[in-house]
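Below: the structure, in structure tokens.
The values are calculated or read from the model by the stated rules, or taken from the named source; none is laboratory data. Everything quoted here is computed from the prediction, not taken from an experiment. Cβ: placed from backbone, ideal geometry, glycine included. Neighbour counts: every protein chain shown. Areas reflect the complete protein model, heavy atoms only, side chains present, ligands, DNA and RNA absent. Shrake-Rupley method; radii C 1.70, N 1.55, O 1.52, S 1.80 Å.
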Amino acid sequence: MMEGDGADKQPEAVAVPAPGGDTAAAAAAAAVTSDADADAAAAKKKHVKYIERKDSASWVYSHWEPCSPEEDGAKRKYRCKYCLNVVYRHNVTRMRNHLLQCCLVTEEVKAKARECCDQISERK
């Protein structure tokens, strides 16, 4: 053998599965990979649901008008554009439920509110 650079080093051991051999190890490795993929898919799906919730709430504000423009954020109060006498503070659920019960709201708006209620109950 040669003396000097790297002659005394042992080769590194590399695990190579035997042909037709250990299928349990291969199945375990595939399961770990599929679990990681499933976790990533679930996280992405959760993120998409969150985006849908924000978008599904945004339609409600088109049927309400701010009472005073100087208030901003959570303290801002909104008035129903149809009956003009109901006021809520940034509560989308109550605002949507009012649209379902308000006698001056059109049927298209009530149908959209019912559809959103159904989608929310399906998520629960």
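At-a-glance table
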read-out: Filtered residues of region 53-81 (kept if open to solvent by less than 70 Å² (accessible area, probe 1.4 Å) and either acidic (Asp, Glu) or not in a helix (DSSP H, G or I) (or both)); value: Ser62, His63, Trp64, Glu65, Pro66, Cys67, Ser68, Glu71, Arg76, Tyr78, Cys80
read-out: Selection within region 101-116 - touching a helix residue (DSSP H, G or I) at 6+ places or on another chain (Cβ under 8 Å) and exposed (fewer than 14 other Cβ atoms within 10 Å of the Cβ); value: Arg114
read-out: Scope region 82-100; condition open to solvent by less than 70 Å² (accessible area, probe 1.4 Å), modelled with pLDDT of 90 or more and in a helix (DSSP H, G or I); matching residues; value: Met95, Arg96, Asn97, His98, Leu99, Leu100
read-out: Conditions (1) open to solvent by 70 Å² or more (accessible area, probe 1.4 Å); (2) part of a helix (DSSP H, G or I); (3) without any contact (Cβ under 8 Å) to a residue 24 or more places away in the chain; number of the one not met by Gln119; value: (3)
read-out: Contacts under 8 angstrom Cβ, first residue in region 71-92 being among the β-branched types (Val, Ile, Thr), partner open to solvent by 70 Å² or more (accessible area, probe 1.4 Å), 6 or more apart; value: Val86/Arg79; Val87/Lys77; Val87/Arg79
